[in-house]
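Asker: Please see the structure below; I have some questions.
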Amino acid sequence: MARRIDVTGAGGLRLAAWEFADPPKAEVEPGGEAAVEPSPPGVLLLHGLMGRASHWASTARWLAGRHRAVALDQRGHGQSDKPPPAAYTREAYVEDAEAAVEQLGLAPVVLVGHAMGALTAWQLAAKRPDLVRGLIICDMRASALGAASQREWADWFTSWPVPFASLADVRKWFGEDDPWVERPSPARGAFYAEVMHECEDGWRPVFDPQHMLRSRETWVYDAHWEELAQVRCPTLVVRGVDGELGRAEAQEMVRVLPRGEYAEIADAGHLAHYDLPVAWQGAVSPFLDGLLGD
């Protein structure tokens, strides 16, 4: 089951939010009447650059045992609207997430973000502490990455052999042939296959690569330690051992966070939540259990 809910984001943009499982139901008393229970705690799942809500499907279904878990297609991604380049600001991404929390009635919410989505999550937590009860950051750096990194990404997009003749070709290129792949990764191939759609001439991404570069340039040149230090809620920093967030930086992020905790996932890379869902669940479960016990 995947249920779409439309959300109105910053500037009136139409955003697609998704529930991949029903939230838990109220228990029934022996007399036959449903117990008066508060709404299940809300979770908002935010994908990274080029991602989409469906990348969180496994996590959302697992969370649905005790939470109302909603994943958001962020602006320019998935089935949400694709505005012009000027609309891809950090402020707009944060306002979109804020709108989703408020319009879907998820507050006080647990924000779970991967990569760029994690940055959006901690910027929202710093801006609106009243809305956020907890935060999980997956493989996102607080340090500035710089101009060289942005040029590498621009060159990488140019190297994509689009259009792809088939989804099998997508999986093979991103899982094996992409120069950025150090060793074959079927999960990476599957991840990118989910962000392709069929066009008249073959398979192309559902997003505009130039919009992705624009989104990235709004945060890649800056460090984000100050905003991290403003996050007051309990926060878990998760890294895959082979991911983009190094251990030293992750532990410094935990130190800077007023209520930071740390977890790492062995044998995982940047896509830990997607590649190794069982290990990911094991890494974040104790943190979520603690939040429910607060």
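Asker: Hey, which lysines would be in cross-link range of LYS172, C-alpha to C-alpha under 29 Å, not counting anything within fewer than 8 residues on its own chain?
Answerer: Those lysines meeting the cut-off are LYS82.
Asker: For the chain, what log10 I(q)/I(0) values come out of the Debye formula at q = 0.11, 0.14, 0.16, 0.17 1/Å, with one point per alpha carbon and no solvent?
Answerer: With no solvent term, the Cα-only Debye profile gives -0.63, -1.04, -1.38, -1.58.
Asker: Another question about this same structure. Give me the percent of accessible area attributable to carbon and sulfur for the range 176-294, probe 1.4 angstrom. Intermediate results must be reported in sequence, preceding the final value.
Answerer: Working: 2780 of 5890 Å².
The computed percentage sits at 47.
Asker: Step through the residues of the range 165-174 one at a time and calculate ³J(HN,Hα) from phi using the Karplus curve (6.51 cos²θ - 1.76 cosθ + 1.60, θ = phi - 60°), rounding each to whole Hz and writing x for Gly and Pro.
Answerer: My calculation for the range 165-174 gives 6, 7, 5, 4, 5, 4, 4, 5, 5, 6 Hz in order.
Asker: Okay, next question. Tell me, what HN-Hα J-couplings in whole Hz come from the Karplus equation 6.51 cos²θ - 1.76 cosθ + 1.60 at θ = phi - 60° for each residue of the range 50-60, using x for Gly and Pro?
Answerer: Computed from phi, the couplings for the range 50-60 are 6, x, 7, 4, 4, 5, 9, 4, 4, 5, 4 Hz.
Asker: Counting only heavy atoms of protein chains, what accessible area per residue, in Å², does the chain have with a probe of 1.4 Å? Each step should come with its number before you reach the end.
Answerer: Working: 12770 Å² over 294 residues.
Here the per-residue accessible area is 43 Å².
The values are calculated or read from the model by the stated rules, or taken from the named source; none is laboratory data. Since the model is a prediction, treat every value here as computed from it, not as a measurement. Calculation scope for accessible area: heavy atoms of the full protein, side chains included, ligands and nucleic acids excluded. Shrake-Rupley method; radii C 1.70, N 1.55, O 1.52, S 1.80 Å.
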